[in-house]
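These notes concern the structure reproduced below.
The values are calculated or read from the model by the stated rules, or taken from the named source; none is laboratory data. Given the structure is predicted, the values throughout are model-derived calculations rather than measurements. Here the Cβ positions follow ideal geometry from the backbone for every residue, glycine too, while neighbour counts run over all protein chains shown. SASA here: full protein model, heavy atoms, side chains in, ligands and nucleic acids out. Shrake-Rupley method; radii C 1.70, N 1.55, O 1.52, S 1.80 Å.
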Amino acid sequence: MPLEIVPLPDLDRLLEIPFVARSQEILAHLIGDEFERSTIDGMVARAFSFPLPMRKIRPGLFGLELFHGPTLAFKDFGARFMAQCLGAIVGSGDTGRHTILTATSGDTGAAVAHAFLDVPGIEVVILYPAGGISPLQEKLFCTLGRNVRTMRVDGRFDDCQDLVKRSFLDSRMVNELGLTSANSINVSRLLAQVCYYFEAIAAWTKMSDRGQGAPLVCVPSGNFGNLTAGIIAWRLGLPVSRFIAATNANDVVPQFLAGSEYQPRPSTATLANAMDVGAPNNWDRIVALFGNDVARLRRELGAGSFNDAQIREEMRLLWKEDGYLADPHTAVATGILRRFLAPHEEGIFLSTAHPAKFREIVEETLDIDVELPPALAAVTGKPLLSEDLPNDFGELRRRLLT
Ligand SMILES: *Cc1c(COP(=O)(O)O)cnc(C)c1O
């Protein structure tokens, strides 16, 4: 993490230049002299090579679509930039072994697998909860093979995350395997995600009806990496009136912000499975970004949660009234955002996944047929290559060390 987050100079100019050029400046500012500026510029250009359109859903309501990358979810931004960072390090003479060990609630797995597929010197191991991710999410990363090993864990996402954390505390595993994490605890992912918040404000400024004041920004949250990146953007000076954390029924954070104790608990399965997290990894970082001042955090950060029935209702409303096809995660964000928007305010939500990734839920909820984009159509017929893993650290350790 940057030891100190220094506000960006010359913000007005920065908001006017194109996304890639702006992101190069933001990341150079955050990364400092860890990499040469020309290296950073190349890394950003290669990682951020797909569009991120802003949609106006209705007056005052805007959505930034972050799902037009290779694996159809916003995680492509972080995973692809992380691959560039690791490539820059490994490329500069490092010959050690590198194993990326990561847990996924559905979308990280695909983004990381695709970002590192066939990268020489890198092995990828992905743990995911059996029955906890959508069938198409599973097809996207469990059919690849090669340097990507996938394990279907008899447990929930938090169990997978615990297995990963325990592996990082095991010095033999760390040293022999050269372990690296690709979850949003990895700072290279977080820093990459800072960039699209600037794009959200830049695009909003051009499209807004009122064009004045700053908008609310609502982030559908699970492990809270995405929101952490948003708060970092805020600390860099980005004009946002307020951030809103939107969760599914796993509402540990909204409960805490409403005044309860902070009580992580086992996650429950919901329609927005990539947010089924009961003990969010990045929460400590968010608290720290608010100066460990809980009263301030409760004042400044908005939050709300949606249960499955509310998610379906919101998906129907967006489809019927606005003709907008939202995946279940995005619907959590739009619904919670609308709760917070006063009549004179404007708001932006992050649209985090392509609706086709959750085809079964979307078709059943809206009673429509969803066409698969080429990336998904290509994998539907492929066999799954995952191995089953009991929720047992000793067993994981044995399999990885042999
Ligand atoms: C991972 C994910 C989220 C949650 O992001 P966090 O950074 O874990 O809070 C939301 N929506 C989708 C589609 C995701 O894949």
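A few points about this structure:
- The overall shape of the range 6-155 is oblate: from the C-alpha gyration tensor, with semi-axes ordered a ≥ b ≥ c, the ratio a/c is 1.5 or greater and a/b is no larger than b/c.
- The alpha carbon centroids of the range 341-402 and the range 74-127 are separated by 18 Å.
- Taking Q161, Q263, Q84 in turn, the Gaussian network model of the chain (Cα-Cα springs below 10 Å) assigns the largest fluctuation to Q263.
- Applying both filters, DSSP loop and at most 12 other Cβ atoms within 10 Å, to the GluC sites (Glu not before Pro) of the range 160-269 gives E261.
- The slack between E176 and E321, meaning 0.36 nm per residue of separation minus the straight C-alpha distance, is 46.6 nm.
- Separation of the range 223-249 and the range 274-307, taken as the distance between their Cα centroids, equals 9 angstrom.
- Ranking K139, K56 by solvent-accessible area of protein heavy atoms (1.4 Å probe, all protein chains present), from largest to smallest, gives K56, K139.
- Candidates A356, A88, A269, ranked by Gaussian network fluctuation over the chain, Cα under 10 Å, top entry: A88
- Inverse of mean 1/r across different Cα pairs in the range 84-222, Kirkwood, Å: 16.9 Å
- For the range 280-402, taking the reciprocal of the average inverse distance between every pair of different Cα atoms yields a Kirkwood hydrodynamic radius of 18.3 Å.
- Accessible-area value, R58, 1.4 Å probe, nucleic acids and ligands omitted, Å²: 60 Å²
- With the gyration tensor restricted to C-alpha atoms of the range 107-163, the semi-axes of the equivalent ellipsoid amount to 19, 13, 8 Å, longest first.
- With contacts taken as Cα pairs under 8 Å at a separation of at least 6 residues, the chain carries a relative contact order of 20 percent.
- Of the trypsin sites (Lys or Arg not before Pro) found in the range 200-295, those that fall in a DSSP loop while having at most 14 other beta-carbon atoms within 10 Å are R210.
- The range 348-402: translational diffusion in µm²/s, Stokes-Einstein, Kirkwood Rh over Cα pairs, 37 °C, 0.692 mPa s: 221 µm²/s
- Build a GNM of the chain with springs between Cα atoms under 10 Å apart, and of A192, A203, A375 the one that fluctuates most is A375.
- When the listed pairs K206/K320; K56/K320; K357/K382; K320/K357; K320/K382; K139/K320 are checked against a 23 Å cut-off, the alpha-carbon distance exceeds it for K206/K320; K320/K382; K139/K320.
- Quarter of the Cα convex hull surface for the range 35-98, i.e. its orientation-mean projected area (nm²): 5.7 nm²
- Of the residues V112, V125, I100, the one whose Cα sits farthest towards the positive end of the charge dipole of the range 69-153 is V125 (charges of +1 on Lys and Arg Cβ, -1 on Asp and Glu Cβ, taken about the Cα centre).
- Computed from the alpha carbon positions, the gyration tensor of the chain leads to an equivalent ellipsoid with semi-axes of 31, 25, 21 Å, biggest first.
- CD proxy at 222 nm, helix term only [per DSSP H run n ≥ 4: -39500 (n - 2.57); per residue of the chain; nearest 500]: -13500 deg cm²/dmol
- Measuring only protein heavy atoms, the 1.4 Å probe finds W283 accessible over about 10 Å².
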